[in-house]
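The values are calculated or read from the model by the stated rules, or taken from the named source; none is laboratory data. Worth saying up front: this structure is predicted, and the values here are computed from it rather than measured. Heads up, the Cβs are rebuilt from the backbone with ideal geometry, glycines too, and the neighbour counts pull from every protein chain shown. Please note that ligands, DNA and RNA were not included when accessible areas were found on the heavy atoms of the full protein model with its side chains. Shrake-Rupley method; radii C 1.70, N 1.55, O 1.52, S 1.80 Å.
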Amino acid sequence: MHLYSPVIALAFLVPVFAAPRSLVPVEKFDGETSGRHIVTLKPGVDRSSFVFATNIVPTHNWTVINGFAVGHKGKFTEEQINMLRTSSDVESISEDGMVQASVVTTQTNSTWGLARLSSASKLANQNP
């Protein structure tokens, strides 16, 4: 009986150490989506190494300098999304939502700067 005590104790510890890592949730967009997902990697994760390791090729890449965010956007299969959800390198996954401006405002007698910004051609009254 004394010999079996360590074996029984080990049997109770194995499920604790073998517990699966929690999945990264997929943030849903309330509205029309593009069918793509935005994947943000954790700080310090090398993008090219991640792409090589996962064999998932994104359609867009970006890096935010001050915020240290590195991410991908792409049209991924359900299987690829599930693989990304289990990765310890992934910080977040979001659906790529479509948004549109619904209000157009016209300003009359706008200042010099606004007229310059909205003009497609060179303005006639420019200073040299």
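Rolling a 1.4 angstrom probe over the protein heavy atoms with all chains in place gives segment 29-109 an accessible area of 70 Å² per residue.
Other residues with beta-carbon under 15 Å from the beta-carbon of VAL64 carry, at +1 per Lys or Arg and -1 per Asp or Glu, a net charge of +2. For the set ASP89, ASP30, ASP96, ASP46, solvent exposure ranked by accessible area (probe 1.4 Å, protein chains only) runs largest to smallest as ASP30, ASP46, ASP89, ASP96.
Cβ-Cβ distance of VAL57 and SER22, R₀ of 22 Å, FRET efficiency by 1/(1 + (r/R0)^6): the value works out to about 0.25.
MET98 sits with roughly 90 Å² accessible to a 1.4 Å probe, with DNA, RNA and ligands left out of the calculation.
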